[in-house]
Every structure is written in C-alpha cells, then in structure tokens.
Amino acid sequence: MANYDWIVIGAGITGSALGYELAKKGFRTLLLEKDARPDNATYYSYGGLAYWSGTTELTRQICQEGIEIHRNLSEELGADTEFRDIDLVLTIDAQDEPTTVATNYSQFAIAPQVLDVAGACELEPLLNPNAISGVLRFPHGHIHPHKTNLAYQQAFCRLGGELKIEPVVNLLRQGDRIEGVVTDRNQYYAANTVVCAGGLSRMLLKEAGISIRLYFTHAQLIKTPPVDIRLRTLVMPATQKRMLLEAQATAPEIESLWEQPSQDFIAGVLDPGAVQFLDGSFYIGQISEIYTNPQVKIDSAISEAQIRTGMTIILPSLQNLPGTWHRCLVAFAKNSLPLVGEINHLTGAYLFSGFTSTLVFAPPLARHFASWAAQEKDNIIPQLSANN
Ligand SMILES: Cc1cc2nc3c(=O)[nH]c(=O)nc-3n(C[C@H](O)[C@H](O)[C@H](O)COP(=O)(O)OP(=O)(O)OC[C@H]3O[C@@H](n4cnc5c(N)ncnc54)[C@H](O)[C@@H]3O)c2cc1C
C-alpha cells in the first residue's frame, strides 16, 4: 500500500534538511508543507549558528559536524546560503558582573571572551555603553535561514523528492501503525511518516490521538527593509529570559495545562537582540510568550512598542528603523533535548523537532537520521530516541 518510503510533514529547516538527506539515501520521499508563502520560525530566524554551544560529548560532536556542514553547504546544495563567520555579542546588564555571568557559560565547548565596556563598544560600535557592564564574545556562524531552506528544498527536488503545498490534517492510523497522512485534498501512504511541523507538531499529533512532550512559544519580532546603518555582530542578551520561560513552561505541575486550549500561564519575556543580513535588512527581537492556543490573538502595536523600547536601551540607533511586526511559533522540548526518532509505541511514526540551536543541529542530525533510516550503523539517533 505504501506509495512513499517517507512522508515528511513541514518544510521549515528541520523538514527540508531531513527530506533532502532521505532523498539523498535514495528513499522515495514526499515533503508536505501547508503554506505556499513561508511564515514559519525558520523564515523569521536570526540565522545564528551556535556551534560553540555543545555541553556533552554528544552535543559537541553534533555542533562540530553542524558547522562543518554549513561551511560547505552552498557548494553541496548548489545555492548560496550566505554562510559567514560572525561575532556573537552577548550583552551583560549594567548592574551585573561580567565574570560572574561568564561562569554560566563555563559548560560550553568554547569559552567566551569577556570584554569590558570599552572593548565591547570597539567590537560593536552601535552598543550603548551606559546600558552594559561588558559583553561575552563567542565565535558564531551565520546563514540566511530562508535561502538555506530554499536551497535544501531545491536540492531535494533535484534528487527526485516531491514537494507539495498541502496542509496535513491528520495521520492515517491503523491501531498502532501510522500508514500515511490525510491532507485537505488527498490521502498519501508511506512506510514511514516523520513530523517536522515545528510549533504545530503537538496539535497535529493530538488530532491523531498521540501525546508528545513538545511545546511552543509565540515569538515576536520586527523585520526591517535594507537600511544604511551597519551592525557588525549578532547581538543578544547573555541572560536569556526565553530559556527560563521554557523551563517554567515544562515543569511537571504545568504539564497538564498544555492539554487545555487557551492557557496563558506564564508572563511573556523580552530578550533584546538584533542581526543584520547581507542585504542590509535587520531582524530585531524578540518577545517570547506561552499560550497553548497556536492561533491566539496578540496585540501587535503593544508588542512592537515593547521590542523597540527594549532595543533602544541596548542599540539606540535601531529604535526608529522602519519595519514590520511578525510572529511565529517556535517549538522546544524539555531540558533542551530534541525529540528525534520513533514515536513510542507506534510503528511508522517519527519525530524530528524541538531543537535548541536548530540551525546548527538540524543539518547533521538529518544526515544521521537518514543513515539510521537506511539501517546503516549510527550511534547518535538511538541515543536521542531515548528522549521521546
Ligand atoms: C526571532 C527568532 C530568532 C531565532 N534565531 C535563531 C538562531 O539564531 N539560531 C537558531 O539555531 N535558531 C534560531 N531560532 C529558532 C529557529 O528559527 C527554529 O527553531 C527553527 O527555524 C525551527 O524549524 P522547524 O522546521 O522546526 O519549524 P518551522 O520553521 O516553524 O517549520 C515548520 C513547518 O511546518 C509547517 N506545518 C505545520 N503544520 C503543518 C501541517 N499540518 N501540514 C503541513 N505543514 C505544516 C509550517 O507551515 C512550517 O513551514 C530563532 C527563532 C526566532 C523566532
């Protein structure tokens, strides 16, 4: 009955990278995406590659493989991902002590350089010296996430993969076996179905009676047109409130609230940050909020004003740039461990989602996943599957 070896649901960076790697292994693969015009987390991503962020032998290996893949990805995919090396500047609030904040980063594979205010402003002249006590500097990579995603999709299609714009409305389930998917106009059968639907993965699987520990934030940001100001680095706060928000939202006592439709159980947070792309446009962000309803209405005027106010403190010259407000869902998993591999107790159903530092993790893990799917020896995917 299976028409395809693999159906991949969702064509953000996780689904596009995985579709490409599966097609490269010779699998007959169908990639299904609901939106013709991208409006997803990948599209609104800053594009940073945190290859310094491995904390265990496993994550350090994935980070190392990730940055090596990215350095050669334009050539491999035959389209420019705009890869470059960039300094990541993590700002430290004026009242905090830089060396104390730096200790929070001691578990990472690469240690940050601690810079005082003068050193920070020499590296990034747009920083407000009065708002910081210093910065942490990491070697970081940068890509254009949307162009990288398109490059993966085009390479996938050249390998014979099929990309269709059709929303998946449910999985085809026979007892404990998933046999394919139902879209708004067709049914497709496959030996294997993998969910890469980002923040909507949880809802989609719930529709099929499958409960997973994957969560999502509502991220909000401002996108500017190309402008003349030049930001040299990628700027984010050293103490990211988003990480705390995610930890709170996955605490055991909160878990059951995720099953209820319109919960707003934790106040939103602002992590002032900015990146400039090679065409001169900026993404300025970011607010993260937790609502269990993916379609919840957010007041864009209030959100935009909050982002601009936060940005004025750190990077004053960006305050009045022209720009449009956007929102998207960002999937995350508990303890920053992605959900990769088989969905427990089911046959033919898999997850590939919930990454932290998705842009550096997804390409190597997609490669490992495809090797594992081809029953080649792989030591990474079985380790991650234990988390599902
Ligand atoms: C402002 C911001 C800055 C960020 N900066 C960074 C960064 O610097 N570095 C980094 O690594 N990460 C960053 N991230 C996070 C990163 O962008 C995301 O983790 C990543 O893009 C998620 O990819 P994804 O494929 O899981 O999800 P998405 O990109 O959201 O893709 C999921 C896709 O599934 C589709 N879909 C959903 N449901 C269905 C369905 N039923 N049928 C068919 N298709 C469906 C959606 O339309 C979507 O296209 C940032 C995120 C934001 C918002």
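The values are calculated or read from the model by the stated rules, or taken from the named source; none is laboratory data. These figures come from a predicted structure and were not determined experimentally. Cβ atoms come from the backbone with ideal geometry, glycine included; neighbour counts cover every protein chain shown. Accessible surface areas use protein heavy atoms only, side chains included; no ligands, DNA or RNA. Shrake-Rupley method; radii C 1.70, N 1.55, O 1.52, S 1.80 Å.
Find the lysine pairs in the chain meeting two conditions, Cα atoms under 19 Å apart and a separation of 8 or more places or different chains, and report how many there are.
10
About the Cα centre of segment 246-300, how large is the charge dipole given +1 on each Lys and Arg Cβ and -1 on each Asp and Glu Cβ? Please answer in debye to the nearest 20.
Details: 1 positive and 9 negative charges, 34 e Å.
The calculated dipole for segment 246-300 is roughly 160 debye.
How big is the dipole moment of the chain about its Cα centre under a simple scheme where the beta carbon of each Lys and Arg is +1, that of each Asp and Glu is -1, and everything else is neutral? Debye, nearest 20, please.
640 debye
Per 0.36 nm of contour for each residue apart, how much would the distance between residue 317 and residue 256 grow if the chain were fully extended, relative to their Cα-Cα spacing?
Values: separation 61, 0.36 × 61 = 21.96 nm, distance 4.36 nm.
Going from the current span to full extension adds 17.6 nm.
What is the diffusion coefficient of segment 267-336 in µm²/s, taking the Kirkwood radius over Cα pairs and the Stokes-Einstein relation at 25 °C with a viscosity of 0.890 mPa s? Don't skip to the end; give the middle numbers.
Details: Rh = 13.5 Å.
Calculated translational D: 182 µm²/s.
For segment 67-115, which whole percent of the accessible surface, found with a 1.4 angstrom probe, sits on carbon and sulfur atoms? Display every interim value, and only then the final one.
Working: 1150 of 2520 Å².
Here it works out to 45 percent.
How large is the accessible surface per residue of segment 222-301, computed with a 1.4 Å probe and reported in Å² as a whole number?
Values: 3720 Å² over 80 residues.
That works out to 46 Å² per residue.
Starting from the 7 Å offset along Cα-to-Cβ, what nm value, one decimal, do you get for the label separation of residue 336 and residue 165?
Those two pseudo-labels are separated by 3.7 nm.
Please compute the length gained on full extension between residue 111 and residue 157, using 0.36 nm multiplied by the number of residues separating them and subtracting their Cα-Cα distance. Let's see the in-between values first.
Details: separation 46, 0.36 × 46 = 16.56 nm, distance 4.01 nm.
The span from residue 111 to residue 157 would gain 12.6 nm if fully extended.
For the chain, take the convex hull of the Cα atoms, compute a quarter of its surface area, and give me that in nm², please. Don't jump to the answer; show the numbers that get you there.
Details: hull surface 73.2 nm².
One quarter of the hull surface, i.e. the mean projection, equals 18.3 nm².
What is the pair-distance distribution P(r) of segment 1-64, computed from all Cα-Cα distances in 5 Å bins starting at 0, with each bin given as a whole percent?
Bins of 5 Å from zero give 4, 15, 17, 16, 18, 17, 9, 3, 1, 0 percent of pairs.
So, with +1 on the Cβ of K and R and -1 on the Cβ of D and E, and no other charges, what is the size of the charge dipole of segment 66-225 about its Cα centre, to the nearest 20 debye?
Values: 13 positive and 19 negative charges, 167 e Å.
Charge dipole of segment 66-225: 800 debye, to the nearest 20.
What are the semi-axes of the equivalent ellipsoid for segment 162-274, taken as the square roots of 5 times the Cα gyration tensor eigenvalues, largest first, in whole Å?
34, 23, 11
Would you mind working out the accessible area per residue for segment 1-112, using a 1.4 Å probe, and quoting it in Å²? Could the numbers behind the result be given before it?
Values: 4770 Å² over 112 residues.
That works out to 43 Å² per residue.
Looking at the chain as a GNM with Cα springs under 10 Å, which of 12, 26, 285 has the largest mean-square fluctuation?
26
Only Cα pairs under 8 Å and at least 6 apart count here; give the relative contact order of segment 209-291 as a rounded whole percent.
Numbers: 122 pairs, mean separation 38.8, N = 83.
Averaging sequence separation for qualifying contacts and normalising by length gives 47 percent for segment 209-291.
Normalising by the residue count of the chain, find the relative contact order in percent from Cα pairs under 8 Å and 6+ residues apart. The partial results should precede the final answer.
Details: 872 pairs, mean separation 87.8, N = 388.
Relative contact order of the chain: 23 percent.
As a test of the formula, what do you get for the chain when each DSSP H run with n ≥ 4 contributes -39,500 (n - 2.57) and the sum is divided by the residue count, at 222 nm and rounded to the nearest 500 deg cm²/dmol? Mind dumping the intermediate values first?
Details: 10 runs with 112 residues, N = 388.
Here the helix-only value at 222 nm equals -9000 deg cm²/dmol.
Helix check for the chain. Which DSSP H runs span at least 18 Å along their own axis by Cα, with a mean Kyte-Doolittle hydropathy no less than 0.0?
On the way: long enough: 57-77 (29 Å, -0.70); 145-158 (20 Å, -0.93); 300-314 (22 Å, 0.57); 358-373 (21 Å, 0.71).
Once both thresholds are applied, what remains is 300-314, 358-373.
Order 266, 307, most accessible first, counting only protein heavy atoms with a 1.4 angstrom probe.
On the way: 266 25, 307 0 Å².
Ranking 266, 307 by accessible area, largest first, yields 266, 307.
I need the per residue convex hull volume for segment 51-106, using only the alpha carbons, in cubic angstrom as a whole number. Walk me through the numbers on the way to the answer.
Values: hull volume 4.8 nm³, N = 56.
Cα-based convex hull of segment 51-106, divided per residue, equals 86 Å³.
Using a 1.4 angstrom probe on heavy atoms only, work out the carbon and sulfur share of the accessible area of segment 128-214 in %. Let's see the in-between values first.
On the way: 1600 of 3490 Å².
Carbon-and-sulfur percentage of accessible area, whole number: 46.
Pull out the extension gain between residue 58 and residue 375, defined as 0.36 nm times the separation in residues minus the alpha carbon to alpha carbon distance; nm, one decimal. Don't jump to the answer; show the numbers that get you there.
Values: separation 317, 0.36 × 317 = 114.12 nm, distance 2.02 nm.
Taking residue 58 through residue 375 to full extension adds about 112.1 nm, to one decimal.
For segment 252-388, which whole-number percentage of the solvent-accessible area (1.4 Å probe, protein heavy atoms only) is attributable to carbon and sulfur atoms?
Details: 3070 of 5760 Å².
Percent of accessible area from carbon and sulfur atoms in segment 252-388: 53.
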